[in-house]
Amino acid sequence: MLKIALSPRSLAFLTVSLIIAALFVVLSMWQLSSSDQAAIVADPDKDRVKPLSEVIKPGEVATASTADHTVEITGRYDPESTVVIPGRLHDGAEGYWAVTELVLRDSDELWGPANGPMSIAVARGWVETADQVPAAPSDPVTVAGRFLPPEAPLGDSELPEGQLASLSPAQLTNEWDAPLYSGYVAAAAEVPASQQLPVTDQGTLDSNATVMSGELRDLDIDQQPTDTSLNMLNLFYALEWIVFAGFAVFLWWRFVRDEYLRQQDPQKYFYLEGDYFWDEDAQSFYYWDEQDQCYYYFDDQPAANSSSDGASTRENRTHPEHGATYE
């Protein structure tokens, strides 16, 4: 069998099989890489606290590139602006978000069309019932939290006064009669404006950071969405290409095996009856054709359209081993 495997034809077959298998392995690696790249993972830079002005400018539309950044803003809450948003979950319990207008400090010249200071909607925290919402701090504060894109405005005709169905700055700008940023901030930390935010050496908020109002639960909002799972379709394709690579090598092995078995028992592999012989020089089987009274190589069997008496019309030559003729 080793002799067959090392024959020129077998080696040529093996070379082609290995080239095809290598190509399939490359395709498998590409699919595996694609399955990992398709995952949506957290961006560490978005967890580092930075001024709001470095993320978005007044009048700009909040996009995927600006969303989820942890921003720092300083200003004064408008205590009369607080509204609550129902249907918000916290640790599996349904409750309300307390949302208040924060008028930014030194923002009079930030945006000409505003004709005055800019404001931003701040979701200060979560409460279980709407009547538990505490008053916003009256003194200037510095707030850090995740900047999020706006929600679509929803009808709220059936809600009590002071409640809105969604957190939409486009709706709040009319509610508060104030120019607002296109997104909002989900507060994770509040400190008096005279103090520094609790920030780690890596620039992220300290794990103990919290809002100033003790009645409010912190909004622990991660980057949205964060999906670290593999794309199973790409993973399936990667495994499929590996199977194809193995099949390419299997075809070569099957070729060698069939050649070997054909030499051991040729009667099982040819449809003609009679005696079979192996020619080492020609590397081919030949057989004795009783009807034509001559030897034929199997690669040169008489055509189906031979003469009616079965005789071959090809030229016959003498076989060196048997003294007979073969085609």
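A few comments on the model shown:
- Accessible carbon and sulfur surface of the range 201-264 relative to its total accessible area, %, 1.4 Å: 56 percent
- Ordering of 191-201, 78-88 by burial proxy (mean other Cβ atoms within 10 Å per residue, highest first): 78-88, 191-201
- Note on Ala135 and Ala42: with the Förster distance fixed at 35 Å, the Cβ-Cβ geometry gives a FRET efficiency of about 0.50.
- Principal semi-axes in Å for the range 130-205 [√(5λ), Cα gyration tensor, largest first]: 28, 16, 12
- Cα-centre dipole for the range 38-140 with unit charges at Cβ (Lys and Arg positive, Asp and Glu negative), debye to 20: 120 debye
- Between Lys57 and Ala170, the C-beta separation translates, for a Förster distance of 22 Å, into a calculated FRET efficiency of about 0.80.
- By accessible area, using a 1.4 Å probe on protein heavy atoms only, the range 101-163 has 49% of its surface on carbon and sulfur.
- The packing ranking, built from the mean of other Cβ atoms within 10 Å per residue, places the peptides 21-27, 155-161 in the order 21-27, 155-161, highest first.
- For the range 1-125, accessible area per residue (1.4 Å probe, heavy atoms of protein chains only), Å²: 54 Å²
The values are calculated or read from the model by the stated rules, or taken from the named source; none is laboratory data. This one's a predicted model, so the numbers in the text were calculated from it and none came from an experiment. Cβ atoms come from the backbone with ideal geometry, glycine included; neighbour counts cover every protein chain shown. Ligands, DNA and RNA are stripped out before the accessible areas are found, and what is left, the full protein with its side chains, is counted by its heavy atoms. Shrake-Rupley method; radii C 1.70, N 1.55, O 1.52, S 1.80 Å.
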